[in-house]
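Undergrad: The structure that follows is given in the form of structure tokens.
Please treat every number below as a calculation from the coordinates, not as lab data. Everything numeric in this text was worked out from a predicted model, so none of it was measured. Every residue, glycine as well, gets a Cβ built from its backbone with ideal geometry; the counts of neighbours run over all protein chains shown.
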């Protein structure tokens with residue numbers, strides 16, 4: 001059976017991106033789903049001096065092992081000031097010190113959501129440009145605008161957006 005990891009590029013305990021990633025993973029049947037939480041990977045802020053003195057933390061290795069052992073990745077990125085959230089950027093920096101091709105060519109469904117009308121468009125653009133250089137195989141991307149209006153009671157309530165996501169999920173699943 002195929003295995004997928006799903007996570008948010010956020011360390012918020014009430015992350016709207018985690019809610020979107022969890023919902024999206026629930027749309028995929030007959031696969032093992034592992035939900036990751038960046039809060040479970042305690043890491044110091046990346047710095048070359050720290051790395052030289054202490055080496056690479058076990059948490060970074062563990063996170064990368066989850067990517068390596070999966071068959072696919074569902075990732076919903078939080079957008080902070082138009083870019084990655086610090087917690088995601090930090091873990092990304094650490095795992096790239098272990099393996100520069102951090103995503104191992106795994107099929108990826110890349111997403112973002114935000115309270116605003118752009119739905120994390122800026123961070124999606126950054127990731128779509130950057131991640132392929134780290135061997136991400138982005139199958140589809142999805143932006144959910146205005147989270148508080150379009151996502152209620154654990155699901156997307158805007159039928160057009162929900163249908164769009166379901167179509168992208170099917171394409172992603174076919175790539176596994």
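Undergrad: Once the chain is represented by equal point scatterers at the alpha-carbon sites, with solvent omitted, what log10 I(q)/I(0) does the Debye formula produce at q = 0.08, 0.13 Å⁻¹?
TA: Once normalised to I(0) and log-transformed, intensities are -0.23, -0.60.
Undergrad: Between residue 40 and residue 141, how many nm apart are label points set 7 Å from Cα along the C-beta direction?
TA: 2.8 nm
Undergrad: For residue 12 and residue 128, what is the calculated FRET efficiency with R₀ set at 30 Å and r taken between the beta-carbons, to the nearest 0.05? Write out the running numbers ahead of the final one.
TA: Values: r = 23 Å, r/R0 = 0.76.
The calculated FRET efficiency here is 0.85.
Undergrad: Of 48, 126, 156, which has the largest mean-square fluctuation in a 10 Å C-alpha GNM of the chain?
TA: 48
Undergrad: State the extension gain, in nm to one decimal, for the chain segment bounded by residue 30 and residue 174, taking 0.36 nm per residue of separation less the distance between their alpha-carbons.
TA: Numbers: separation 144, 0.36 × 144 = 51.84 nm, distance 1.22 nm.
In short, 50.6 nm is gained.
Undergrad: So, one more: Antiparallel as a % of all DSSP beta bridges within the chain, to the nearest 5?
TA: Details: 4 of 26 bridges.
Taking every DSSP beta bridge with both residues in the chain, the antiparallel ones total about 15 percent.
Undergrad: Any idea how far apart residue 93 and residue 51 come out in nm if each label point goes 7 Å out from Cα toward Cβ?
TA: Result for the modelled spin labels: 1.0 nm.
Undergrad: Express the relative contact order of region 3-175 as a whole percentage, based on alpha carbon pairs under 8 Å and six or more residues apart in sequence. Before the final figure, lay out the partial values.
TA: Numbers: 313 pairs, mean separation 40.0, N = 173.
It comes to 23 percent, rounded to a whole number.
Undergrad: How high is the FRET efficiency between residue 121 and residue 101 when r is their beta carbon distance and R₀ equals 30 Å, given to the nearest 0.05? Walk me through the intermediate numbers first.
TA: Details: r = 26 Å, r/R0 = 0.87.
Approximately 0.70, to the nearest 0.05.
Undergrad: Pick from 155, 106, 13: which residue has the top mean-square fluctuation in a GNM of the chain where Cα pairs under 10 Å get a spring?
TA: In the Gaussian network model the winner is 13.
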